Amino acid sequence: KLILRFEPFLLHAECEDMEAAGVLLQAARLAGFRESGATIGSSGSRVMVGIRCSLRLEAPVADAGRLLVSEDHIRYLVAFANDKFEANTVRIKSLEQQLSAMPSAGAHHAPRAGQQGVDGRTKGKSGKAGHKKQQQQQQQ
């Protein structure tokens, strides 16, 4: 079987929290990725955003060594796939612009365990509890 297939941009991103997921989803939707969405893990601690759209194309063109469509139709399908590729590229560039215009996430969210925050301090392995312990030690 020979199938002409085009699959659009797809991105899965883990977000700090639902607020960050909402900001990312808004940017994705403004860029034309209307099928994007967020999911929350069963424990509620993992927030994932999937950025996607519906620009897919899948068309069988040959099977068992013989063409199923005319050569004109193949040319049409290739041109159609190229149009989808261009629309996909435009959406990706738009998403890049939307994300570039967003304020730095580090300025609004506390760093995760092991990450350095905007204040230069590194959060301990125990997450927020470790951060509180560091603050208490610095106050002493």
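Annotations for the structure displayed:
- Test: VAL69 is at pLDDT 95 or above, in a loop (DSSP other than H, G, I, E, B) and touching a Leu at 6+ places or on another chain (Cβ under 9 Å): yes
- Among residues of the range 13-34, those that are assigned to a loop (DSSP other than H, G, I, E, B) and either touching a residue at least 40 places away in the same chain (Cβ under 8 Å) or over 17 Å from GLN98 (Cα atoms) (or both), counted: 5
- For the range 3-50, filtered to residues that are among the hydroxyl-bearing types (Ser, Thr, Tyr) and open to solvent by 30 Å² or more (accessible area, probe 1.4 Å), the residue that is farthest from VAL90 (Cα to Cα) is SER43.
The values are calculated or read from the model by the stated rules, or taken from the named source; none is laboratory data. This one's a predicted model, so the numbers in the text were calculated from it and none came from an experiment. Virtual Cβ from ideal backbone geometry, glycine too; neighbours counted across all protein chains shown. Side chains are part of the model used for accessible areas, which takes the heavy atoms of the whole protein and leaves out ligands, DNA and RNA. Shrake-Rupley method; radii C 1.70, N 1.55, O 1.52, S 1.80 Å.
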